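Notes to accompany the following structure.
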Amino acid sequence: MFTVEVKVGLKKGVSDPEGSNSHKSLELLGFGEVKAVKSLKVYRMQIDAPSKEQAMDRVEEMCRKILTNPVIHTHEIEFL
C-alpha cells in the first residue's frame, strides 16, 4: 500500500481568479508583504499496488483521465 499526494496547479499564463482574490483580500487586511498567491488542489490517496512503479503508472493515468486537464494544469506526484 502506498500513500500518494498529487498537487494540481495552473500552468503559467492561465488565469487564477481564486489566487488573485485571495491576494487582494490579504492586501486589504494589511498583509502587504504577500506578493503573489497561487491556488493549488491536493489529492492524497492510498494506492494498493504491487510496486511503487506500478502505483506511479496508475496515478499518472488518473491524472491524464480525470484529475487534471493537461491543457491548463500541471501536476506533481509525491509518495509519502
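Details
- Here the Karplus relation 6.51 cos²θ - 1.76 cosθ + 1.60, evaluated at θ = phi - 60°, turns the backbone of segment 71-79 into coupling constants of 6, 10, 10, 10, 8, 9, 10, 9, 8 Hz, with x for every Gly and Pro.
- Amide H contacts under 5 Å for ALA49: PHE2, restricted to partners 5 or more places along the chain or on a different chain, H placed in the peptide plane at 1.01 Å from N.
- The equivalent ellipsoid of the chain has semi-axes of 32, 14, 8 Å, largest first, where each one is the square root of 5 times an eigenvalue of the Cα gyration tensor.
- Magnitude of the charge dipole, segment 35-80, Cβ model with Lys/Arg +1 and Asp/Glu -1, debye to 20: 340 debye
- Annotation note: chymotrypsin sites (Phe, Trp or Tyr not before Pro) in segment 1-78 located in DSSP loop regions with a Cβ neighbour count of at most 15 within 10 Å are PHE31.
- The chain - percent relative contact order, Cα under 8 Å, separation 6 or more: 53 percent
- Subtracting the Cα-Cα distance of GLU78 and VAL42 from 0.36 nm times their residue separation leaves 11.9 nm of extension gain.
- Each of THR3 and LYS35 was given a label point 7 Å from its Cα along the Cα-to-Cβ line. The distance between the two points is 3.4 nm.
- For the chain, trypsin sites (Lys or Arg not before Pro) are listed when DSSP marks them as loop and at most 14 other Cβ atoms sit within 10 Å of their Cβ; the list is LYS11, LYS12, LYS35, LYS38.
- For the chain, the tally of Lys pairs with Cα-Cα distances below 25 Å comes to 23, considering only residues 8 or more apart or on different chains.
No lab work stands behind these numbers, since they all come straight from the coordinates. Every value quoted in this text rests on a predicted model; they were computed, and no experiment measured them. Note that we place each Cβ from the backbone using ideal geometry, even for glycine, and neighbour counts take in every protein chain shown.
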